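K.L.:
Here you go, one structure.
Derivation of every value follows stated rules applied to the coordinates shown; laboratory data play no part. Since this is a predicted model, take the numbers as computed values, not measurements. Reconstructed Cβ throughout: ideal geometry from the backbone, glycine too, with neighbour counts over all protein chains shown.
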Amino acid sequence: MTTEQRGFTAELAEQEDPVIGQELILVRYDDGTVEQLRLHDYERVYSFPGLYEQIVQDRLGCRSPSEIATMLVAAVDRIGWDRAGVRVLDVAAGNGVSGEALAAHGLRPVLGTDIVPAARDAALRDRPGVYGSYLTLDLLDLSAGEQRTVRALSANALSCVAPVGNASQQLPTAALVAAASLLAPDALIAYMHDLTLGVPDAVTADIWKEQLGPGTRAELLERRRYVHRYTVNGEPFEMEGVVWRVSRGGRQAQ
């Protein structure tokens, strides 16, 4: 079903050169009224079935869900794991586009999580069955019960289709590490690094070792530059995809 059949149409407004995430979206209802949204107004954007895909995937050509899933599955194949046995924790999962990409490669998204409650509602509405479960979580403020719930899933991979770092509009580095601490002792971790900020990736081998404890081994498997999406004016907006293998206790499964 198209957005037109749902009682509205959506389009990017004409605009000069907006800050990434502040792109103006016009939602035109069948009764003639118009609502203005910003791209990162996720609570409102996710409430419209199909709007995110229409603007971000189709109009702006977002490639990151596919790119990160492709990089993660390449790492799985490279180290000889069975794809069907890879249980993925999908962080910053949004409305499930990223989980859908993982499943398309034969991986199992056992948990989707996002800090925005509307993301869970949209994922369950638009992509039922993609995730084993979906939880609204603040990774920097997990309760003991939430930690037990995530750890019990025995996820051995993490995917984050969101830039990781310590600037605004990024998933904090500490949140990525907190999620990684709940994975199986030998795990793969894939995420995005925003090149446009001009700062090095905050995630390093030392960070993994310092935060996950003695005996942790961290191997950088891949770092690749790609076009994340395009701006409203057609300029490429690039990111780096990054994949680590992080093993706690000094052991790696073969």
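K.L.:
Mind giving me the FRET efficiency for GLN211 and ASP138? R0 is 22 Å, r the Cβ-Cβ distance, nearest 0.05 is fine.
P.N.:
So the FRET efficiency works out to roughly 0.80.
K.L.:
Here's another thing I want to ask about it. Determine ³J(HN,Hα), in whole Hz, for all residues of segment 218-227 in sequence, where each value follows from phi through the Karplus function 6.51 cos²θ - 1.76 cosθ + 1.60 and θ = phi - 60°; x replaces Gly and Pro.
P.N.:
10, 10, 7, 8, 7, 9, 9, 8, 7, 7
K.L.:
Could you give me the ³J(HN,Hα) list for segment 132-145, computed from phi with Karplus coefficients 6.51, -1.76, 1.60 and θ = phi - 60°, whole Hz, x at Gly and Pro?
P.N.:
3J(HN,Hα) across segment 132-145, in whole Hz: x, 7, 9, 10, 8, 9, 9, 5, 8, 8, 7, 6, 4, x.
K.L.:
What are the semi-axes of the equivalent ellipsoid for segment 3-59, taken as the square roots of 5 times the Cα gyration tensor eigenvalues, largest first, in whole Å?
P.N.:
Computed over segment 3-59, the values are 18, 13, 10 Å.
K.L.:
Taking Cα centroids, how far is segment 98-155 from segment 178-237 in Å?
P.N.:
If you average the Cα positions of each part, the centres end up 19 Å apart.
K.L.:
If you build a Gaussian network model of the chain, linking Cα atoms that sit under 10 Å apart, which residue out of PRO117, PRO172, PRO18 swings the most?
P.N.:
PRO18
K.L.:
Next question. For HIS228, what residues show an amide H to amide H distance below 5 Å, using hydrogens built from the backbone and excluding near sequence neighbours?
P.N.:
The list, which skips near neighbours in sequence, is PHE237, GLU238, MET239.
K.L.:
Here's something else I'd like to know. Which one is right for this structure if Kirkwood radius over Cα pairs in Å is calculated from it: (1) 18.8; (2) 18.1; (3) 19.7?
P.N.:
(1)
K.L.:
Amide H of LEU158 versus every other amide H placed in the peptide plane: which residues, excluding those fewer than 5 positions away on the same chain, fall under 5 Å?
P.N.:
So LEU158 has HN proximity to LEU89, LEU188, ILE189, ALA190.
K.L.:
Determine the relative contact order of the chain: mean sequence separation of Cα pairs under 8 Å and six or more apart, normalised by residue count, in whole percent.
P.N.:
17
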